[in-house]
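Report on one structure; see the data block that follows.
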Amino acid sequence: MPEIIIVLRDGSYRIIDTDPEYSLMEAIRDAGVDEMLAMCGGCCSCATCHVYIEESGGDLSEPSADEDDLLDSTGCRTSQSRLACQVRLAESTIKRARIAPED
């Protein structure tokens, strides 16, 4: 199982094991990271799973129009912003992600 470094809001980090069948949000949630609310459960209808992809293998897809709109609604979007529910681990090589600040 691949490992991903998850940087928490206080700067500490956790290394989590991932399953390629999961989204990044599911992997973070199942690892017990409480900072990720993921209120919509992965339906791309909120932005409570906002993360910054700090390091990836370069094969990360672009956000969909819906994801892009939701990220625009946050006050802390950067060029590294993604909704973790929309990042499929089977399709990307994420090495390090940071939980975005709460809006």
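Is it fair to say Glu26 is acidic (Asp, Glu) and crowded, with 16+ Cβ neighbours inside 10 Å? Write out each step before concluding.
Values: acidic (Asp, Glu): yes; crowded, with 16+ Cβ neighbours inside 10 Å: yes.
When the stated conditions are applied, Glu26 passes them.
Under 7 Å between Cβ atoms, which residue pairs at least 6 apart in sequence (or on different chains) link something in the range 78-98 that is among the aromatic types (Phe, Trp, Tyr) with a partner that is assigned to a strand (DSSP E or B) and crowded, with 19+ Cβ neighbours inside 10 Å?
Note: no pairs meet the criteria.
Anything in the range 1-49 that is part of a strand (DSSP E or B), within 12 Å of the chain's Cα centre (by Cα) and of a type in the set (A, V, I, L, M, F, W, C)? List them, or say none.
Restricting attention to the range 1-49, the residues satisfying the condition of being part of a strand (DSSP E or B) are 3-7, 13-17, 23.
The next check asks that each one be within 12 Å of the chain's Cα centre (by Cα); those that pass are 4-7, 23.
Of everything in the range 1-49, those that are part of a strand (DSSP E or B), within 12 Å of the chain's Cα centre (by Cα) and of a type in the set (A, V, I, L, M, F, W, C) turn out to be Ile4, Ile5, Ile6, Val7.
What are the residues in the range 10-21 that are modelled with pLDDT under 95 and either surrounded by 17 or more Cβ atoms within 10 Å (Cβ to Cβ) or of a type in the set (Gly, Ala, Ser) (or both), if any?
Applying the first criterion (modelled with pLDDT under 95) to the range 10-21 yields 17-21.
Result: Thr18, single match.
What tally of residues in the range 68-86 results from selecting those that are surrounded by 19 or more Cβ atoms within 10 Å (Cβ to Cβ) and either at pLDDT below 95 or assigned to a helix (DSSP H, G or I) (or both)?
Of the residues in that region, 5 qualify.
I want to confirm something. Restricting to the range 52-67 and keeping residues that are modelled with pLDDT of 95 or more, closer than 27 Å to Pro2 by Cα and surrounded by fewer than 17 Cβ atoms within 10 Å (Cβ to Cβ), which single residue is nearest to the chain's Cα centre (by Cα)?
Checking each candidate, the answer is Glu54.
The values are calculated or read from the model by the stated rules, or taken from the named source; none is laboratory data. All of these numbers come straight from a predicted model, not from anything done at the bench. Counting neighbours? That spans all protein chains shown, and the Cβs are built from the backbone with ideal geometry, glycine included.
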